[in-house]
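The values are calculated or read from the model by the stated rules, or taken from the named source; none is laboratory data. Only a predicted model underlies this, so the values are computations on that prediction, with no experimental measurement involved. For neighbour counting, all protein chains shown are included, and Cβ atoms are generated from backbone atoms with ideal geometry for every residue, glycine included.
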Amino acid sequence: MSYVGVVMNVALLTFKTLTTDRPTYLHDLLQFRTTPRHLRSSEHRLLHVNEARTVFGIRAFSYATPTVLLIYLSDDFNTTFLSAFIGKLKTHFTEYILSSPVTVSRAGGCRV
């Protein structure tokens, strides 16, 4: 599976977990960021990014989910409808793929 496919699956699973609170074992891993004082970013529902010390830890759901959402998603993804979220996600990654440089090898394959 490609990197974009993995990121899309993590984003979709996170959206479903946040909107439905199911499955509970994944919902318990997600924590919203809280700040001791009022900041402009406090208005947004941002997830807390846990510290990861190993490569194995970086692959954990509780680390990967907030990281994916912070890097790839913006405020215009705030919706409660799954179909709207999927449409925005596909549009985002289509623009991402089209903007990345692509080279074609002699064997006929594409490289990003």
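Assorted remarks:
- Verdict on Val49 being in a helix (DSSP H, G or I) and either modelled with pLDDT of 80 or more or surrounded by 15 or more Cβ atoms within 10 Å (Cβ to Cβ) (or both): no
- Boolean, Thr103 is modelled with pLDDT under 80 and loosely packed, with under 13 Cβ neighbours inside 10 Å: yes
- Some residue of segment 76-92 being in contact with a strand residue (DSSP E or B) (Cβ under 6 Å, 6 or more places away or on another chain), at pLDDT 75 or above and either surrounded by 11 or more Cβ atoms within 10 Å (Cβ to Cβ) or in a helix (DSSP H, G or I) (or both): no
- Which listed residue is over 22 Å from Tyr3 (Cβ atoms) and at pLDDT below 80, from Arg59, Arg33, Arg22: Arg33
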